[in-house]
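The structure appears right after this line, and notes come after that.
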Amino acid sequence: MQKSAAAGQKAGGGFSSSNITMDEACQILNVGPSKMGQIDEAFVTERFKRLFDLNDPKKGGSFYLQSKILRARERIEREVRGFKQAAEREQELSEGLKPKWTKEGK
């Protein structure tokens with residue numbers, strides 16, 4: 001199990017709790033692969049809405065495909081959020097700690 005997870009990370013950005021790689025998520029939504037968290041979130045949302053609506057079971061679509069589309073969007077959002085948080089932490093570290101209060105101005 002650990003070997004397959006490591007192979008998945010090398011091949012496509014790693015597994016999440018939904019067992020979907022970043023590469024697979026990008027393929028499902030037909031968006032370009034993310035490079036260091038840089039991905040057009042508006043385009044991802046647009047592709048998600050279109051594909052999710054096309055696969056509505058009430059319109060003869062597939063619930064299974066809808067769930068894959070949803071998991072793909074969640075995986076991409078999680079990846080982008082992780083890169084943004086890492087960039088914010090890196091910026092805070094490079095700027096140094098700047099407390100918002102002082103001893104005199106509690």
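The values are calculated or read from the model by the stated rules, or taken from the named source; none is laboratory data. In this text the structure is predicted, and so the values were computed from the model without any measurement. Here the Cβ is made from the backbone with ideal geometry for all residues, glycine too, and neighbour counts use every protein chain on show.
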**Request:** Looking only at the stretch 39-78, count how many residues are under 30 Å from residue 88 (Cβ atoms), free of Cβ contacts under 8 Å to residues at least 12 places away in the same chain and not in a helix (DSSP H, G or I).
**Result:** 1
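Looking at the structure I just gave you, is residue 67 surrounded by 11 or more Cβ atoms within 10 Å (Cβ to Cβ), of a type in the set (S, T, N, Q) and at pLDDT 70 or above?
Considered against the rule, which asks whether it is surrounded by 11 or more Cβ atoms within 10 Å (Cβ to Cβ), of a type in the set (S, T, N, Q) and at pLDDT 70 or above, residue 67 comes out as yes.
Step by step: first the residues of the stretch 1-50, then only those that are among the β-branched types (Val, Ile, Thr) and at pLDDT 85 or above, then the one that is farthest from residue 83 (Cα to Cα). Which residue is that? Quick ask: steps written out before the conclusion?
Within the stretch 1-50, the first condition is being among the β-branched types (Val, Ile, Thr), and the residues that meet it are 20-21, 28, 31, 39, 44-45.
Going one step further and asking which of them are at pLDDT 85 or above, we end up with 20-21, 28, 31, 44-45.
Values: 20: 18, 21: 16, 28: 21, 31: 18, 44: 16, 45: 18 Å.
Among residues in the stretch 1-50 that are among the β-branched types (Val, Ile, Thr) and at pLDDT 85 or above, the one farthest from residue 83 (Cα to Cα) is 28.
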